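J.: One structure, pasted below without further comment.
FYI, it's all coordinate maths here, none of it is from the lab. Here the structure is a predicted model, which means the values were calculated and not measured. Cβ: placed from backbone, ideal geometry, glycine included. Neighbour counts: every protein chain shown.
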Amino acid sequence: MKYTDEFRDPAAAKAVLAEIERLVGVIGATADAPIYIMEICGGHTHAIFRYGLDKLTPTGLEFIHGPGCPVCVLPMSRVDECVELAERPDVIFTTFGDAMRVPGTRKSLLQAKADGCDIRMVYSPLDALELARRHPDREIVFFALGFETTTPSTALCVQQAAAEGLSNFSLFCNHITVPPPIKALLDDPHMKLDGFVGPGHVSMVIGLEPYEFIARDYQKPIVVAGFEPVDLLQSVLMVLQQIRDGRAEVENQYARIVPAAGNPVSIAACEDVYEPREKFEWRGLGEIDKSGLKIREKYAAFDAERKFGIGYSKGNRQTPEPEDCGCGDVMTGRIKPHQCPQFGKGCTPEQPLGALMVSSEGACAAYYQYGGIRPEVEPAA
Amino acid sequence: MCLGIPGQIVSISDAEKKLAMVDVSGVQREINVACIMPEGGKVDDLIGAWALIHVGFAMSRIDEEEAAKTLEILMQLGEAQAEIEAMRDGKAAMEEAS
């Protein structure tokens, strides 16, 4: 239990771990027939590996790492479209740094920048807005990606751009939402899931109501969790208590940050600017109904898809994943990251093949960094 | 990107656009505070407040103790360093010649 020494409150962590162990026994779960709990959020995945929670919890409990890392589920075709936009001489393409290394079929944004495209890593869409004010002669495109935590930021920027009458600012919108892929996973007959640890900061924005279907229609428990190791362990314990009692409810372990109703200003801004797409492609998961957002007609002037004639709705742009890439199987829990044939060989954080290796929130990158598994150096032939 | 970072609001830079200066571990930058506007809309009441900041937007008010705890976790995860670096990159991106 070396990791618990590092916890803010090791005694609390040990007590919760002991109770988790006891409950797993009461439920009768074993290594051969474990309880499967999915943590949805990539930040939670990172924390689970960083603090070794997967090793501290009993073998009768398995974490399945969910699709909650926006960079990891970005289809290659969308990266290709980013590069297409960035290659236009009139465009300054702005993006979060996280997206720079995601492989496209031709190249990543990092490679495109090295090849001379004007691509700028910004901290905030506010920076893209400021660039639009400073460069009225250039088109400023912001690569809007992320779940409900980042969606309000881009929605508020579009509203601001409209208020200022900026005509050279647009979003390449790739925002996605958490509940639809959860439904898709629950509908997958191969998926074995007994409960969920729900995302903290997404829930801070959307509140608890959007998860009700998980309890009501699928009879699975979900507990919204904070990011401290003890938060995560407590949330796992709350899921186990529901399973023991035969309950399926939406519970909130992170009430100090997550109000049940979410953030009303954010919800209103997103509702004003965005509407659901009919369907959207997720890397490794395929197309999922109503899982992506697009810009509403009234803000069409700020939509890079309409402005530059590209975008998801334009023909069939789905691209096959690289050969032997196991991202889809990892994301649906069919295999562990190190069981992918490319893990640590053709796919490393330095040279990612699949998207789960790109971000620190991706299961493969976290496994690689903290899992203690390193590729064996093969002797030169 | 998703985890955000705690910061303390030090001044209001544009009340109409709901912009404020925030201090994140010694790095200052302008952020939007529309999502945490106090009842009655007196933006000055935010000075001194702590908030969780996501990509330049304050998303939730937190108390100082929660801010310190969150920052410690983010440091251990390496996320705080990445976030502060991204803020610096953001500044550099504004100055690049085009």
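J.: Taking GluC sites (Glu not before Pro) as exposed when DSSP calls them loop (any state but H, G, I, E, B) and at most 13 other Cβ atoms lie within 10 Å, what is the longest stretch of chain A free of them, the sites themselves excluded?
T.: A:1-277
J.: Which three semi-axes in whole Å describe the equivalent ellipsoid of the stretch A:200-301, each the square root of 5 times a Cα gyration tensor eigenvalue, listed largest first?
T.: Details: eigenvalues 172, 61, 31 Å².
Sorted largest first and rounded, they come to 29, 17, 12 Å.
J.: Can you list the aspartates and glutamates whose alpha carbon is less than 12 Å from that of B:Lys42, not counting same-chain residues fewer than 8 positions off?
T.: Within the straight-line limit of under 12 Å, B:Lys42 reaches these aspartates and glutamates: B:Glu16.
J.: List the aspartates and glutamates whose Cα lies under 19 Å from the Cα of A:Lys298, skipping any in the same chain that are fewer than 8 positions away.
T.: A:Glu164, A:Glu271, A:Asp272, A:Glu275, A:Glu278
J.: What list of ³J(HN,Hα) couplings, whole Hz, do you get for the stretch A:106-115 from phi and the Karplus terms 6.51, -1.76, 1.60, once you set θ to phi - 60° and write x for glycine and proline?
T.: 8, 7, 8, 5, 4, 5, 5, 5, 4, 7
J.: Also, I was wondering about something else. When the gyration tensor of the protein assembly as shown is built from Cα positions, what are the square roots of 5 times its three eigenvalues, in whole Å, from largest to smallest?
T.: Over the Cα atoms of the protein assembly as shown, the ellipsoid semi-axes are 34, 27, 21 Å.
J.: What's the center-to-center distance, using Cα atoms, between the stretch A:226-295 and the stretch A:74-118 in Å?
T.: Going from one Cα centre to the other spans 29 Å.
J.: Next question. Using modelled amide H (1.01 Å from N, peptide plane; none on Pro or chain starts), what sits under 5 Å from the amide H of B:Arg29, excluding residues fewer than 5 places away?
T.: Amide H to amide H, under 5 Å and 5 or more residues apart or across chains, B:Arg29 pairs with B:Val22, B:Val24.
J.: Percent antiparallel among DSSP beta bridges with both residues in the protein assembly as shown, to the nearest 5? Provide the component values of the computation, followed by the final result.
T.: Numbers: 28 of 60 bridges.
If I count the DSSP bridges inside the protein assembly as shown, around 45 percent turn out antiparallel.
J.: Another question, then. DSSP loop GluC sites (Glu not before Pro) in the stretch B:8-97 with at most 10 other Cβ atoms within 10 Å of their Cβ, which ones?
T.: Working: sites: B:Glu16, B:Glu30, B:Glu39, B:Glu64, B:Glu65, B:Glu66, B:Glu72, B:Glu79, B:Glu83, B:Glu85, B:Glu95, B:Glu96; in loops: B:Glu16, B:Glu96.
When the GluC sites (Glu not before Pro) of the stretch B:8-97 are filtered for loop state and at most 10 Cβ neighbours within 10 Å, B:Glu16 remain.
J.: Follow-up. Straight-line reach from B:Lys69: which aspartates and glutamates have a Cα under 14 Å away, not including same-chain ones fewer than 8 places off?
T.: Of all the aspartates and glutamates, those that pass the test against B:Lys69 - Cα under 14 Å, at least 8 places apart if same chain - are A:Glu6, A:Asp9, A:Glu228, A:Asp231, B:Glu79.
J.: Could you give me the ³J(HN,Hα) list for the stretch A:155-161, computed from phi with Karplus coefficients 6.51, -1.76, 1.60 and θ = phi - 60°, whole Hz, x at Gly and Pro?
T.: 4, 5, 5, 5, 4, 5, 4
J.: Jot down the per residue volume, in cubic angstrom and as a whole number, of the convex hull over the alpha-carbon atoms of the stretch B:5-97. If you can, show how the numbers build up before the last one.
T.: Numbers: hull volume 8.2 nm³, N = 93.
Once divided by residue count, the hull of the stretch B:5-97 is 89 Å³.
J.: Follow-up question, since we're still on this one. Per-residue ellipticity at 222 nm for chain A, helices alone: DSSP H runs ≥ 4 residues times -39500 (n - 2.57), over residue total, nearest 500 deg cm²/dmol?
T.: Working: 15 runs with 140 residues, N = 381.
Result for chain A: -10500 deg cm²/dmol, rounded to the nearest 500.
J.: With angles folded into 0 to 90 degrees, how steeply does helix A:76-86 sit against the dominant principal axis of chain A? Use alpha carbons for both and round to 10.
T.: Helix A:76-86 sits at roughly 30 degrees to that axis.
J.: Hey, another quick one. Please compute, for the alpha-carbon atoms of the stretch A:327-369, the extent along each of the three principal axes and give them in descending order in Å.
T.: Result for the stretch A:327-369: principal-axis Cα extents of 25, 20, 15 Å.
J.: Over the stretch A:23-80, what portion of Cα pair distances is larger than 17 Å, expressed as a whole percent? Please list the in-between numbers first.
T.: On the way: 814 of 1653 pairs.
Value for the stretch A:23-80 (Cα pairs over 17 Å): 49 percent.
J.: List the residues whose amide H sits under 5 Å from the amide H of A:Leu61, counting only those 5 or more places along or on another chain, with H placed 1.01 Å from N in the peptide plane.
T.: Under 5 Å from the amide H of A:Leu61: A:Ile35.
J.: List the residues whose amide H sits under 5 Å from the amide H of A:Gly207, counting only those 5 or more places along or on another chain, with H placed 1.01 Å from N in the peptide plane.
T.: A:Gly262, A:Asn263
J.: Using the structure shown, select from A:Lys14/A:Lys183; A:Lys192/A:Lys220; A:Lys307/B:Lys18; A:Lys107/A:Lys290 the pairs with a Cα to Cα distance greater than 23 angstrom. Walk me through the numbers on the way to the answer.
T.: Details: A:Lys14/A:Lys183 34 Å; A:Lys192/A:Lys220 11 Å; A:Lys307/B:Lys18 29 Å; A:Lys107/A:Lys290 28 Å.
The answer is A:Lys14/A:Lys183; A:Lys307/B:Lys18; A:Lys107/A:Lys290.
J.: Please determine, in degrees from 0 to 90 and to the nearest 10, the orientation of helix A:125-134 with respect to the longest principal axis defined by the Cα atoms of chain A, where the helix direction is its Cα long axis.
T.: With both axes taken from Cα atoms, the answer is about 10 degrees.
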